[in-house]
Structures are given as C-alpha cells and as structure tokens.
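Some notes on the structure that comes next.
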Amino acid sequence: MTRRAFAVLLFPSLTVLAPVAGAAVGDLVDVVPVGAYSVWHRVASQDTALADRYFYEVVDAVLDAHFDEVALDAISAAGAPRDTLDEMQGVRDAIAGILGSVPWRDLVQNEFVVAESYDPPFLPEFTTPSYLFACRPKADRVQPLEDALAGFLTSVSAIAGSDVTYTRGSEPGHDGLATQLHTLSVPALSGMTVLQMAFHDGQILVGVGPDFFDRALALASGGEGQSLAATERWAQAFRGLPADAPTHVFVDMHQMMNGLHGLAAMLAQREYDAGLWQSVVNDVFDLVDFVDLMGVTTHCEGNTVVTETVRRISPEAAERNPIHKSSAAAAYSGELLDYVPSDVIAFDTRGAIDLLPMYHYLIDRLRDYLPEADDVLWDFDVLQAAVDFDVEHDLLAWMGSEHISMEIPSLRKHAGADDTDTVSICLLRDPAAARKCLDRMHAVYAAAAPRLLGELQDHMRSAGIPFVPDVRFEKSTGMFPQLYEFQLSVGSFPIPKLSFGVLGNLLVATTSEDALDHCMAVAAGDFDGISARPELEHLLEGGTFAGAGLRPVGRNLAKATQIIGGLGGMAQGIVSSIAPRNDPQVQRMLGIVTGVLPKITGVLQTIDFLGDEVHSSELREGGLVCYERSTQYMLTPEQRPSYVATNR
C-alpha cells in the first residue's frame, strides 16, 4: 500500500485539512451561503511554516506506523476465519487504491473552506446536516485534480454497481464560464443526489446533501444568493478579532442548538411519554443554549500559535439562563496570582461565581417534574434544621469563590526531580461559613465514621479482600495547625495526604504543607512570583480578566509517552498471572499489544515540539461577550528533546 493511500485511509482529517504555506488572505469563504451554522476557512500563510512542518512530521509518523496492519493482526488473533481476513484485506486494499489515486494534499495548497448547514432532510422525520468543501488549488493542479477525482467517483460507482449512478457534464455558469459538474445519485431513492462535485474558474466544490451545494455553486459562479460572510452575524462573530488571521472558524451556536433541539424533541416524543420528556428536553436545551455566536481565529507569532475566541451571549437567554447568571457576575481580583511561584509547572485561576441561581433553578425543576417534590423538600428542610446546616447560607455562600489551583515542584524531603505537589486556594466570600462547614464535616466524621469504617474493614478482612481501606481525618500536626488532614490508604497504594482548611480569608488545600508554605512566602515577597516569567507577567496587569492559566502541554505529553511506553511490561505481567503461558492465541494477542505500544510512543515522540500553553479570558459588554486568548509555545528544531538526544 502506498503512503498516500494509507494516509487518506487511516488519517483523512489531517491529510486533507492540513494547512500549507504559500498564499495571501483569500475570499473563498464568499461561496458559503447564508444558513451555514459552522464554517472553517483556512488560507495558507508563510507565518505558519514552522507549524506546518511539525504537523506533517506527525502525519508521516502515523503513516509509517502502519496501524492498519496492527488492526488486521488483532482481528486475526481474535480468531476470525481466514476467508474473512482475506476479504477484509481485499476491501482495505481496494479502498486504499481508490483513495490513493487522488493527490488530496493538492486540494489545500492555497485555500479551503468547510461548512455545515441544516437543509431539508433526506428523510422527512430526520433533521440532517449538509456539508460543503470548497478549495482553490494552484492553477496547474486544477485539471489533474479533476481527472483524479473523476476517476475516484468512477471507481466508487463501479464498486457500488447499480446502487449508485455517476454522471458528469458541463453547463454554463452565471458568469459565462463553464462549470464541470459530477454527481453521484441513488436510483432506488428516486434518483436522490448523495454527492456533487463542481469545477468552476479554478475552484473546486464538493457537497453532500440537497440545496446547500446548489446555493454555494450559484455564489461561486456569479449567480444570485447571499454569502454568509456578507452578513452582520458573520461580522459580529469576528468583531475584535484579527481580520488578517489565516484561520477563521464561525459557529452559529443558536442555529446549531435549534437543529439538535428539534432532533432530540422528536426522539423523545417517539420513545417516551411526550409530556414529561418533552419538558426535560426543552429544559436541557434552554440550559445550554445561551451562547449565540462564536468566532475563532488562529495565527502564528514567531514560535507561537495564537488562538483567539469570542463567544457572544444572547441578551434574551442571559436574562433567564441560570448558568449565565452564575458566571456573568464573576468577580476576578487577580489577587491569588500573588501566591504563584516563578517555578510553577501549571496553574488555573477563575473568578468567583454565584451558585444560587443554579440551585434555585434545580429546585424549581424538581417541583415541575415530581408531584411529591414539596414533601421531599420539606423533609430536606427538616434535616437541615436538625443538623444546624443550611445549604444556601453555610455552603453556597462560599462555594464558587475566586480560586486558583497550581502544580509546583515538590519541596518534600527525599522528593524526586519529577515529583510535584498541588496547592489550591480560594479567596472566600464568607470565611465563617466555610469554617463552619469544615468543622461540621469533622464532627460528623468523628461521631460516625470510626464505627462504620471498622465494620467495613472487618467485613472485607473476613471476605479475604487484600486491599482494606483506612481513613484518617484529624487536625494537622504540621506547620499549619489550623488545617485538617485527610489520609486515605488502601493497602500499599501511594495516595497523597490532603491538608485543607481556612487560613484567614483563604480556603486552602494541598498535598504538602511545605508547598503551601512556599506559596505563602511568595505572596509575602520572600520568593519570586510569575513576574519573573516573561510569558506570564502580562497576567498581572489586571484589567478585565475573568481567568488565566498555564498548561504544560509538552511536559504532559512526555509523561503520557513514558506511561504508554511502560504499559507493555505491565500487560505482560497481568497476562502471565491470569492466562496460561502456553496458549498461543493469548501470546499472539499479547505480542500485538506490546508491538503496537512502541508505534504509539513513536508517534507521540514526534509531538515533542510543543511547549507550554498560556491562556486568559475576559468578560466584556456586561458579561455578554467572553474573549479568550491562548498562546501555544513551540520549541525550535534545536530545542526539541529528540534533536538534543541525537546531537549530544
């Protein structure tokens, strides 16, 4: 099998949609008609050359791994008959041969757009999307691509036999230029068209589904119709984002949710009691349908990939939606960034949210769904009074406070170089309520848990269960006596101890009090904070931030690679303990598993160009607009671990 054939058979999304540098911003997006709810427009740019190079390295690594052969070996080891395997091999080779006849990457040499729309459905009872792919390849590749794609459609219709009809012809466009039109249809369904392809003035259009393709072709050939890119909604989605970015993604969330809502409501009416389930479906979609539009752009700045996103909230939905009400009032002071040390590995911080609107919403829904809800809620109120604990005042009053979670290098004695600890800090709105909640938890534990835990341990030991849990929940004996310590142990499994409690107006939780002490020292000015990190110092500027964070993408990927690389020995140990050593089928399956793991790690190792990712978010226009910016750092070729390892 050729590399190209295997590429499009196994990895079509990457090989077809990969960006290629070399052109300026284009206008191919103008062929997308009004009605599309999802659009991805990509124009190649010289600025993306490094990212493109890395991208294709990953694609080539996947192709070189030949995962298709592993899949066939696994099916064979599972006991599939020889004739079945031969048939599957033949089908795979036939499909690969057909796909391999088309130079797919030529389709995206300059510019492409992918769009999706809800059009009149194939079948009346189903809401089905229609798809459009359009591209403008290099001029000298248009005719070879038409010939290759025509051969591809001919081969598909030949395999399908009389079930599919392939037709091709030429017709004049609205601009006087000829349009070469290729169609696959199904005679058994009244000649229903399932795929259309058109070549017009250097543009290639491919469509699945009725109407959408015809309207796009009319726009491409100078006919009547309105382009989505000429509408106010398109302009609104990208307002505040860079217009010259090479990648634009448009999502009309409201239109998309309407289509999904219709499908879900139809299925609920078919399968369940219409009244209750229609109410549930309506409430679920009302709950999540508050984002009106989303615009995303991506561009490169040196060795970074910058992604900017704008989500616009519907003002009407904002007034009634409890999720938006909870988050729109997010209060973000940025004070907790003062606790982050300069050697932080990862952190994430978010502003305070108000959980009461969501709590009241759930109570109201309970009354709508359950006739006996008032009795249940009465019993719940009696229980709260009996234990002197009110959910609204003693829990929700402080839950949702502004918080930060971070991972830092471990400062514990005898810690390894790669060991880390976590610290979480909340800036409490009501410290007294939080303290009362924790004290009540400890009192309940002290009164009931030891007896219940002892009975559980006795039962597990009598049943011969080797892993008996033990729990310890008590006041800290470390450097922060105000805290509680929670220790869960199950046999010899290493489970970190958790220390948590209220310090002043802060709720803290940590796997090491040494780490917490270090963060407190950073806030006191005794150690460097993130102002010493050039890529992070802008997060301290304040302004309208609603959250920020640092993700060690490269580090996490390296960890995953290491873990997957060690699974082979683990699998051998497990299999040898539960299966006969002389069972050839078991050994063959084990060989497949241990053989595929190096292929996976080989692919992951080619993604070693990723560094850290820094992100931030802002709330604008009274909380009706959420702006997010993500900066993904890439290593230079000389900085990559694979280069360093081979050039020492």
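The values are calculated or read from the model by the stated rules, or taken from the named source; none is laboratory data. In this text, all values refer to a predicted model and were calculated from it rather than measured experimentally. Cβ placement follows ideal geometry from the backbone for every residue including glycine, while neighbour counts extend to all protein chains displayed. These accessible areas exclude ligands, DNA and RNA; they are computed on the full protein's heavy atoms, side chains included. Shrake-Rupley method; radii C 1.70, N 1.55, O 1.52, S 1.80 Å.
Residue-by-condition table, conditions (1) touching an Asp or Glu at 6+ places or on another chain (Cβ under 6 Å); (2) at pLDDT 90 or above; (3) loosely packed, with under 14 Cβ neighbours inside 10 Å:
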site	(1), (2), (3)
VAL164	no, no, no
GLU171	no, no, yes
LEU177	yes, no, yes
GLN180	no, yes, no
SER185	no, no, no
GLY191	no, no, yes
VAL194	no, no, no
GLY207	no, yes, no
PRO210	yes, no, no
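Would you say ILE465 is without any contact (Cβ under 8 Å) to a residue 60 or more places away in the chain, out of contact with any helix residue (DSSP H, G or I) (no Cβ under 9 Å at 6 or more places or on another chain) and either of a type in the set (A, V, I, L, M) or farther than 29 Å from PHE545 by Cβ (or both)?
Values: without any contact (Cβ under 8 Å) to a residue 60 or more places away in the chain: yes; out of contact with any helix residue (DSSP H, G or I) (no Cβ under 9 Å at 6 or more places or on another chain): no; either of a type in the set (A, V, I, L, M) or farther than 29 Å from PHE545 by Cβ (or both): yes.
Here the answer is no, as ILE465 does not meet what is asked.
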**Message:** Any residue at all in the range 105-120 that's of a type in the set (Ser, Thr, Tyr), open to solvent by 50 Å² or more (accessible area, probe 1.4 Å) and at pLDDT below 80?
**Reply:** no
**Asked** Among the candidates PRO481, PRO466, PRO450, which residue alone is over 36 Å from the mean Cα position of the chain (by Cα), within 30 Å of ARG350 (Cα to Cα) and not hydroxyl-bearing (Ser, Thr, Tyr)?
**Response** PRO481
**Message:** Kindly evaluate LEU411 against the criterion of being in contact with an Asp or Glu (Cβ under 9 Å, 6 or more places away or on another chain), open to solvent by 50 Å² or more (accessible area, probe 1.4 Å) and touching a residue at least 60 places away in the same chain (Cβ under 8 Å).
**Reply:** yes
**Message:** I'd like the residue in the range 340-368 that is open to solvent by 40 Å² or more (accessible area, probe 1.4 Å) and touching a Gly at 6+ places or on another chain (Cβ under 8 Å) and, out of all such residues, is farthest from ALA521 (Cα to Cα).
**Reply:** LEU355
**Asked** Quick one: in the range 421-452, which of the residues that are open to solvent by 50 Å² or more (accessible area, probe 1.4 Å), closer than 26 Å to GLY334 by Cβ and not β-branched (Val, Ile, Thr) is modelled with the lowest pLDDT?
**Response** ARG429
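For the range 500-515, how many residues are part of a helix (DSSP H, G or I) and under 31 Å from the mean Cα position of the chain (by Cα)?
1
Would it be correct to say that GLN236 is among the polar types (S, T, N, Q), in contact with a helix residue (DSSP H, G or I) (Cβ under 7 Å, 6 or more places away or on another chain) and either at pLDDT 90 or above or in a helix (DSSP H, G or I) (or both)? I'd like the intermediate steps shown before the answer.
On the way: among the polar types (S, T, N, Q): yes; in contact with a helix residue (DSSP H, G or I) (Cβ under 7 Å, 6 or more places away or on another chain): no; either at pLDDT 90 or above or in a helix (DSSP H, G or I) (or both): yes.
So GLN236 fails the test.
Report whether or not ALA443 is assigned to a helix (DSSP H, G or I), farther than 29 Å from GLY549 by Cα and out of contact with any strand residue (DSSP E or B) (no Cβ under 6 Å at 6 or more places or on another chain). Steps first, answer last, please.
Details: assigned to a helix (DSSP H, G or I): yes; farther than 29 Å from GLY549 by Cα: yes; out of contact with any strand residue (DSSP E or B) (no Cβ under 6 Å at 6 or more places or on another chain): yes.
It is true that ALA443 is assigned to a helix (DSSP H, G or I), farther than 29 Å from GLY549 by Cα and out of contact with any strand residue (DSSP E or B) (no Cβ under 6 Å at 6 or more places or on another chain).
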**Message:** With the condition being of a type in the set (D, E, K, R), I'd like the strands (runs of 3 or more DSSP E) fully within the range 132-210 carrying at least 2 qualifying residues.
**Reply:** 165-172
**Request:** Given the conditions (1) of a type in the set (A, V, I, L, M); (2) modelled with pLDDT under 85; (3) open to solvent by less than 30 Å² (accessible area, probe 1.4 Å), report the number of the one that ALA65 does not fulfil.
**Result:** (2)
**Asked** So, in the range 72-83, of the ones that are in a helix (DSSP H, G or I) and open to solvent by less than 50 Å² (accessible area, probe 1.4 Å), which residue ends up nearest to LEU153 (Cα to Cα)?
**Response** LEU72
**Asked** Given the residues SER130, SER157, which is the only one that is touching a residue at least 60 places away in the same chain (Cβ under 8 Å) and either touching a helix residue (DSSP H, G or I) at 6+ places or on another chain (Cβ under 8 Å) or within 17 Å of GLN196 (Cβ to Cβ) (or both)?
**Response** SER130
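Only one of ARG82, ARG53 is more than 33 Å from the chain's Cα centre (by Cα), of a type in the set (Lys, Arg) and at pLDDT 80 or above; which?
Working: ARG53 fails: more than 33 Å from the chain's Cα centre (by Cα).
The match here is ARG82.
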**Request:** Sort out which residues of the range 290-329 are farther than 19 Å from HIS615 by Cα, among the hydrophobic types (A, V, I, L, M, F, W, C) and modelled with pLDDT of 85 or more, and write them in order of number.
**Result:** VAL291, LEU293, ILE313
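Evaluate the following for ASP608: is it modelled with pLDDT of 85 or more, among the acidic types (Asp, Glu) and in a loop (DSSP other than H, G, I, E, B)? I'd like the intermediate steps shown before the answer.
Working: modelled with pLDDT of 85 or more: yes; among the acidic types (Asp, Glu): yes; in a loop (DSSP other than H, G, I, E, B): yes.
Judged against the criteria, ASP608 is a match.
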**Asked** Of the residues in the range 618-634, how many are open to solvent by 50 Å² or more (accessible area, probe 1.4 Å), within 20 Å of HIS299 (Cα to Cα) and of a type outside the set (Ser, Thr, Tyr)?
**Response** 2
**Asked** In the range 43-62, what residues are open to solvent by less than 30 Å² (accessible area, probe 1.4 Å) and either of a type in the set (Lys, Arg) or closer than 24 Å to THR594 by Cα (or both)?
**Response** VAL58, VAL59, ALA61, VAL62
**Asked** Failed condition for GLN457, given (1) over 24 Å from GLY400 (Cβ atoms); (2) among the polar types (S, T, N, Q); (3) assigned to a loop (DSSP other than H, G, I, E, B), with all others met?
**Response** (3)
**Looking only at the range 12-44, and only at residues there that are in a loop (DSSP other than H, G, I, E, B) and at pLDDT 85 or above, the one that is farthest from GLU116 (Cα to Cα)** = ASP27
**Asked** Cβ-Cβ below 6 Å, separation at least six or inter-chain, first residue in the range 82-107 and within 30 Å of ALA139 (Cβ to Cβ), second outside any helix (DSSP H, G or I) and open to solvent by 70 Å² or more (accessible area, probe 1.4 Å): which pairs?
**Response** ALA96/MET1; GLY100/THR2
**Asked** Being among the polar types (S, T, N, Q) and modelled with pLDDT under 90, is that true of even one residue in the range 574-581?
**Response** yes
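Hey, among ALA515, ALA523, ALA548, ALA509, which residue is open to solvent by less than 40 Å² (accessible area, probe 1.4 Å), touching a residue at least 40 places away in the same chain (Cβ under 8 Å) and in contact with a helix residue (DSSP H, G or I) (Cβ under 6 Å, 6 or more places away or on another chain)?
On the way: ALA515 fails: in contact with a helix residue (DSSP H, G or I) (Cβ under 6 Å, 6 or more places away or on another chain); ALA523 fails: open to solvent by less than 40 Å² (accessible area, probe 1.4 Å); ALA509 fails: in contact with a helix residue (DSSP H, G or I) (Cβ under 6 Å, 6 or more places away or on another chain).
After applying the criteria, what remains is ALA548.
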**Request:** From (1) surrounded by fewer than 16 Cβ atoms within 10 Å (Cβ to Cβ); (2) within 30 Å of LEU355 (Cα to Cα); (3) not hydrophobic (A, V, I, L, M, F, W, C), pick out the condition that doesn't hold for GLU455.
**Result:** (2)
**Message:** Going residue by residue through the range 469-480, is there one that turns out to be surrounded by 12 or more Cβ atoms within 10 Å (Cβ to Cβ), among the hydroxyl-bearing types (Ser, Thr, Tyr) and without any contact (Cβ under 8 Å) to a residue 40 or more places away in the chain?
**Reply:** yes
